Amino acid sequence: GKLFEAVFSDNVLECYRKSLNFMRESQDKGLRLKLMLHNAAELADMPWEFLFDSGENRFIAQSHHTPVVRYTGLPEIPPFPVKLPLRMLVAISSPADYPPLDVEGEISRLRQALAPLIKTGRVKVKGLMHVTFRAIQRILRKETFHIFHFIGHGGFDAKSNEGVLVMEDEQRRSVTVGADRIGALLHDHRSLRLAVLNCCEGARVSLTDPFAGVATALIQQGIPAVAAMQFPISDDAAKEFADEFYAALTDGFPADAAMAEARKAVFGMPNDAEWGTPVLYMRSADGMLFKFEDEVLSDKDTEIDISEDMEDEEETESSEDVKSVIEVVSPEIKIEQPKRFTNSIGMEFVWIPPGEFMMGSPEGEPGRYDNERLHRVKLIRGFYIQTTPVTQGQWKALMKNNPSRFKDGGDDCPVEMVSWNDAQEFIKKLNLDSARLPSEVETRLPVGELSPAVGERSRTYRLPTEAEWEYACRAGTDTPFCFGRCLSTDEANYDGNYPLKGCPKGKYREKTTPVKTFPPNDWGLYDMHGNVWEWCQDWYGDYPSGAVTDPAGPDSGSNRVGRGGSWLNVARLCRSARRSRDSPGLRYNYLGFRLLLPIGQQR
């Protein structure tokens, strides 16, 4: 209340009370509090959104009837003529060396908040995943946008005395971009009317320069309204803010009233102090950002039921319409990945989402080896992995030969007698023909993006890393096998005469079996235990002692990693954590492989 008392005293307080009474009597009018802070830099960094009126017993900024707006003293900008739909650019940045963001959650909330506008053709949203400065520059040069929404990390650099946004470089490492560069980036695009900085401290300013913050720099460069955060904000609060802010805009609220509604929503969360973190800077009269050229539709025309679960696999017609409009690209990638696809030579792939797991085995696991040190692994990108090992039929279709020993089982048996080097030749030939990817997957792949795990182009097939293989094999389990503590010969092809300690014996088939003979794991993958060992991308090396992100093994070595065990091996060697190592030139009738297709999506 002290800040309120310092500002609203004597004549100012009397004028404020009279204005409140007039607002209530008129019923259809509101009261906008304009903070003109351009001549007092030391005041610009004050938390004005926390003004508390003790006489009314409420925070002023929590009501859309009394929104608190920061003005900079710059000339007001008139509404921009717009022909529908409004176009929103969503720039998403979550560098590999920063804590990962819940990108899918952010996109999901944007969809739900904007569903009515999207359904009626009033809004179209496009996004940039893993955003770089140059990617924003290029897409703004090619297309027109009216709203810029940034999802990522931000802050204030005391050394350079300016606000920054954290973007990425081509290797997904962090790059801090200062307020002046961001302002210059967006300056020439007069159609941009609103910027939303859903990151920490986008609204902070210098104590000596009120335009040193990211939000104020954008205002100075001609964007009429900027919503940003003046303090660090939790991921949950940031998502709640975006949800209610766009929902209020959808309901027809001006920008400042929508901001008040968003603050109110955050106030209802457990950490309610974060409600005052969002800040609105404006240089537009009355919060009017656009002048629409199209006829305004009636409420009846724009009404739409968005109560259906948009994440359900069986999509409703309305939710599918929404998803088809919100497009997240890098520069051409949608956030929704197909669950599975089959390429032109019959190789079936299933989508594996990003996540974390404990790699290796605990010390008490039966059959454990010393090279299986337990450690936490985070995989920040989802990927497609082949549902089975490469079959003899698939090998023959591409390579025009069959090196396998066990040919009598037919084309559906896994190809064997192939070395790691042979697998690379198969991959190289497969990648020469981009048509081997179905169009619904090809259009979702990032163009020229580098995969940090293996240093290859993301548009190409490759072997899985050892971490990716074990993550996919476990499918969320922490037992010796993806099926549990024991492995039955009704679940996998291995030497059942030697089960894990305490488990029943089974068959020994003495050769490979056709893929999909046995049930898949919970993620739809077959033959992850037994049948053939599967080559991985990594050189063999010791595990790290602590948690790691996207491990790719040593830079060099003499042996490559194999996983999964084979028809020849006892149960101990078929465990999820078991690691094999062989020369990359070795060929044997128990060695095969399956492929992975990285997609670039981030957690």
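The values are calculated or read from the model by the stated rules, or taken from the named source; none is laboratory data. Quick caveat: nothing in here was measured; it's all calculated off a predicted structure. Neighbour counts run over all protein chains shown; Cβ positions are idealised from the backbone, glycine included.
A few comments on the model shown:
- Output for the range 91-102, where each listed residue is out of contact with any Gly (no Cβ under 8 Å at 6 or more places or on another chain) and either modelled with pLDDT of 75 or more or over 14 Å from Ala237 (Cα atoms) (or both): Pro95, Ala96, Asp97, Tyr98, Pro99, Pro100
- Residues that are among the hydrophobic types (A, V, I, L, M, F, W, C) and part of a helix (DSSP H, G or I), drawn from the range 158-193: Ala179, Ile182, Ala184, Leu185, Leu186
- Of the numbered criteria (1) closer than 17 Å to Ala472 by Cβ; (2) without any contact (Cβ under 8 Å) to a residue 60 or more places away in the chain; (3) surrounded by fewer than 20 Cβ atoms within 10 Å (Cβ to Cβ), the one Asn521 fails is (3).
- Test for Lys378: is it assigned by TED's automatic domain parsing to the domain that holds Thr460 and without any contact (Cβ under 8 Å) to a residue 24 or more places away in the chain: no
- The listed residues are Asp495, Asp490, and the only one of them that is closer than 19 Å to Gly592 by Cα, of a type in the set (Asp, Glu) and not in a strand (DSSP E or B) turns out to be Asp495.
- Scanning the range 525-544 for residues being in a loop (DSSP other than H, G, I, E, B), crowded, with 17+ Cβ neighbours inside 10 Å and either touching a residue at least 40 places away in the same chain (Cβ under 8 Å) or aliphatic (A, V, I, L, M) (or both) gives a total of 9.
- Filtering the range 467-488 for residues that are at pLDDT 95 or above and more than 37 Å from the chain's Cα centre (by Cα) leaves a non-empty set.
- Condition check for Gly562: within 25 Å of Cys486 (Cβ to Cβ) and at pLDDT 95 or above: yes
- Index of the failed condition, Ser174 passing every other in (1) under 30 Å from Pro85 (Cβ atoms); (2) in contact with an Asp or Glu (Cβ under 9 Å, 6 or more places away or on another chain): (1)
- Pairs linking a residue in the range 388-404 that is within 24 Å of Val350 (Cβ to Cβ) to a residue that is surrounded by fewer than 17 Cβ atoms within 10 Å (Cβ to Cβ) and among the polar types (S, T, N, Q), with Cβ atoms under 6 Å and 6 or more positions apart or on different chains, are Gln392/Asn402; Lys396/Asn402.
- Within the set Arg436, Arg444, the sole residue that is modelled with pLDDT under 65, among the basic types (Lys, Arg) and over 26 Å from Glu356 (Cβ atoms) turns out to be Arg436.
- Residues (surrounded by fewer than 23 Cβ atoms within 10 Å (Cβ to Cβ) and either of a type in the set (D, E, K, R) or closer than 21 Å to Arg462 by Cβ (or both)) located in the range 394-416: Lys396, Ala397, Leu398, Met399, Lys400, Pro403, Arg405, Lys407, Asp408, Asp411, Asp412
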